[in-house]
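The values are calculated or read from the model by the stated rules, or taken from the named source; none is laboratory data. Just so you know, these numbers come straight off a predicted model, no measurement behind them. FYI the Cβ positions are ideal-geometry reconstructions off the backbone, even for glycines, and counts take in every protein chain you see.
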Amino acid sequence: MMPALLSAVDARRASLIGLAQDLIRIPTLNPPGRNYREICDYLANRLIDQGFAVELLRATGAPGDSDTYPRWNIVARLESGHPGDCVHFNSHHDVVEVGHGWTRDPFGGELDGDRIYGRGACDMKGGLAASIIAVEAFLAATPEWHGSIEISATADEESGGYGGVAWLAERGYFAPEKVQHVIIPEPLHKDRICLGHRGVWWAEVETHGRIAHGSMPFLGDSAIRHMGAVLEEIEHHLYPLLATRQTSMPVVPPQARQSTLNINSIHGGEAEPPDGYTGLPAPCVADRCRIILDRRFLIEEAVDDVKAELRAVLDRVQGRRPGFTYTLRDLFEVQPTQTDRDSPIVRSTAAAIERVLGQLADYVVSPGTYDQKHIDRIGRLKNCIAYGPGLLHLAHQPDEWVGVQDMADSAKVMALVLHDLLT
Ligand SMILES: [Zn+2]
């Protein structure tokens, strides 16, 4: 049975390559969200041929959704006719901008040796293609199975997933009574199981000042100098503290196994002049300065403590600087998530990796978030991992590529998971 299943994947090598190329050739750029309907229609045709019932769902009302750039998603379901679990493969179909530095056609899907090039090849149209081939091979090689299989391709993961997985999860598409196992074929590589991700908190800090003439700064109050004091406090007291906080989560790369903080941006005083403006700036004391903070926290930390810690930094600065006031604004937060290593999808995938690759699976956690956050938090479904072909460091890079052999091997792993969970 199992050798037949593995050779059914091998027999589909040309189909796997063609499918990945076709998907790359549909430029689903986000922003702004181009060709979402086209890629969903393409997938619908393919999956209807396999007997799937297909729903095309527009995330009406989601951020970014408009008649010009509608947020289309596809959810396809195949019932065996026998009771059993549902295994769901979820891929995002959007890709990030092309950027500079390409030597290949970003939407050509060019095959060169073992590599297929293009924007989204690695993140994550290669994974989407591998999961479809896994399902097609499983169906061809397995006359008798039970339960159901779902394949979804969803919008906007690259911009938060609110027009994709979050929207579907809010409508019950990832409810544990409907779906029992989820694989997200993100490019974590074929020998690694990604259990989850760290938490995120984005905040804006604004320091307040008073505008005055730049030649008489003593008549004003500089919001930039106040921010300088805030940054110094962060530099000398918060960064060293964060570096001491280590997680038990197997985050890759290992430098991300501690709490981290990035200052995404800083803006203060007079606005930047438009490009091409040749005049001089005006002399003013800055009455406002803002930074955006990106704090990544660990499963061992509580988000309320993370927020209180920053507020304490600001209050310490306030204690030393008469007249200093600030506002702290919450922008966005995501709780850390980590699927249990003993959960069925992890155990089944680990066994399949061992069988296909002849080595033990590596367990990792992602430094940044992906759509698992919505499946966990909105869908309340815990039995979810990211597993798929492709090298994570190639994602969003020029000359992004995915390896054909890597796609084929991970398709075998996914096919064996179906065999394990549905027969
Ligand atoms: Zn991705």
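Per-structure values
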read-out: Of all residues in the stretch 305-357 being modelled with pLDDT of 95 or more and of a type in the set (Gly, Ala, Ser), the one that is surrounded by the most Cβ atoms within 10 Å (Cβ to Cβ); value: Ala352
read-out: Any hit, the stretch 395-411, residues being under 23 Å from Pro336 (Cβ atoms) and either touching a residue at least 12 places away in the same chain (Cβ under 8 Å) or crowded, with 24+ Cβ neighbours inside 10 Å (or both); value: yes
read-out: Options Arg210, Arg198, Arg192, Arg171: the member that is surrounded by fewer than 23 Cβ atoms within 10 Å (Cβ to Cβ) and closer than 30 Å to Arg311 by Cα; value: Arg210
read-out: Leu29 in contact (Cβ under 8 Å) with a residue 24 or more places away in the chain, over 22 Å from Arg171 (Cα atoms) and within 21 Å of the chain's Cα centre (by Cα); value: yes
read-out: Some residue of the stretch 189-202 being more than 16 Å from the ligand (Cβ to nearest atom) and farther than 30 Å from His88 by Cα; value: yes
read-out: Matching option when the condition is closer than 25 Å to Thr154 by Cβ and more than 16 Å from the ligand (Cβ to nearest atom), among Gln372, Gln397, Gln359, Gln335; value: Gln335
read-out: Strands (runs of 3 or more DSSP E) enclosed by the stretch 132-225 - at least 1 residues per element that are assigned by TED's automatic domain parsing to the domain that holds Leu47 and within 30 Å of Arg12 (Cβ to Cβ); value: 148-154, 181-184, 192-197
read-out: Residue in the stretch 117-126 that is over 24 Å from Gly403 (Cα atoms) and either within 16 Å of the ligand (Cβ to nearest atom) or touching a residue at least 24 places away in the same chain (Cβ under 8 Å) (or both) present; value: no
read-out: Any hit, the stretch 307-327, residues being assigned by TED's automatic domain parsing to the domain that holds Leu231, assigned to a loop (DSSP other than H, G, I, E, B) and of a type in the set (Lys, Arg); value: yes
